[in-house]
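Enquirer: Take a look at this one; I'll ask things after.
Just so it is clear, none of the values below were taken in a lab; they were calculated from the coordinates. Being a predicted model, the structure only gives us computed values, none of them experimental. Neighbour counts are summed over all protein chains in view; Cβ atoms, including those assigned to glycine, are modelled from backbone coordinates with ideal geometry.
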Amino acid sequence: MFRGTTNRKPVVRLLRTLGAVPVLALAALAANPAQAQRVSASGASTATVVAPLALLVNQSLNFGRVAPGNAAATVTLNPDTQVCTTTGPIVRTGVCQPAEFSGMGTRRMTVRIQMPSTITLTRVGGTQTMTVNNLVLDTTPDLQFLGGNGNGLGNGNRRYEIVPTNGIFDFRIGGRLNVGANQLGGVYNGTFVVTVQYQ
């Protein structure tokens, strides 16, 4: 049994080549190939790294920009569709993205995922807060639900099986942001811990 964390050193998950520009040979004259010229350019590549039996944060939970009204309101982020919906006198714009994590085990290994029930966001430079609750886990298509309930470790027994043959899996987390009436403007940040137990 191993409990993964986000502090592990990574090993390659995937390598995507953006494309190398081919070398071109241009003949000045067909009768005089000795005067041909060569033109070349450099391509680029990128890689995302996942360590075996560990957990990597790919992106943060983001509800975008919100303009509050004179009554409480909510923004709910669906981690599957990656769409935000609102209730109450509120205007929302900008990015709407779930938190996304990657792990690596072996195909058909069982994992349990623990996440908090609430997240507190605090205004930068102030003490005002907002909460995120009703956290939702989206594991498709990389993790198959085996059964159980609760939110994971120590609370219920929700179990998932790793589907991809290479053992690398992604999952996403969404939730509901609760915005107070006349919520003070500013940037609100928060952190939360997600734990994966490999079995």
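Enquirer: Based on the inverse mean of 1/r over its pairs of different Cα atoms, what is the Kirkwood hydrodynamic radius of region 52-113, in Å? Please list the in-between numbers first.
Expert: On the way: mean 1/r = 0.0721 Å⁻¹.
Every distinct Cα pair counted, the radius reaches 13.9 Å.
Enquirer: Pulled fully out, how much extra length does the chain show between N134 and M109, if you take 0.36 nm times their separation in residues and subtract their Cα-Cα distance? Write out the running numbers ahead of the final one.
Expert: Details: separation 25, 0.36 × 25 = 9.00 nm, distance 2.76 nm.
Length difference between fully extended and current span is 6.2 nm.
Enquirer: Further question: In vacuum, with every alpha carbon of region 78-140 counted as one equal point scatterer, what does the Debye formula give for log10 I(q)/I(0) at q = 0.21 Å⁻¹? Two decimals, please.
Expert: Results for region 78-140 at q = 0.21 Å⁻¹ read -1.15.
Enquirer: Once both labels are modelled 7 Å past Cα along the beta-carbon direction, what's the V95-V193 spacing in nm?
Expert: The modelled label-to-label distance comes out at 2.5 nm.
Enquirer: List, in order, the whole-Hz ³J(HN,Hα) value for each residue of region 180-187 obtained from phi through the Karplus relation with A = 6.51, B = -1.76, C = 1.60 and θ = phi - 60°; use x for Gly and Pro.
Expert: x, 4, 6, 3, 5, x, x, 8
Enquirer: So, one more: Using a Förster radius of 25 Å, what is the FRET efficiency between L146 and V49 based on their Cβ-Cβ separation? Nearest 0.05, please.
Expert: On the way: r = 28 Å, r/R0 = 1.11.
Here the calculated transfer efficiency is 0.35.
Enquirer: Can you tell me the dipole magnitude for region 91-199 around its Cα centre, using point charges on the Cβ only (Lys, Arg +1; Asp, Glu -1), in Debye to the nearest 20? Walk me through the numbers before you get to the answer.
Expert: Details: 9 positive and 5 negative charges, 31 e Å.
Around 140 debye, computed over region 91-199.
Enquirer: If you don't mind, another one. Show me, bin by bin at 5 Å from 0, the whole-percent P(r) of region 77-199 based on Cα pairs.
Expert: 2, 10, 18, 20, 18, 12, 9, 7, 3, 1, 0
Enquirer: Label point 7 Å out from T120 along Cα-to-Cβ: which residues of region 160-199 have amide N under 18 Å?
Expert: Backbone N within reach: 176-180, 184, 187-194.
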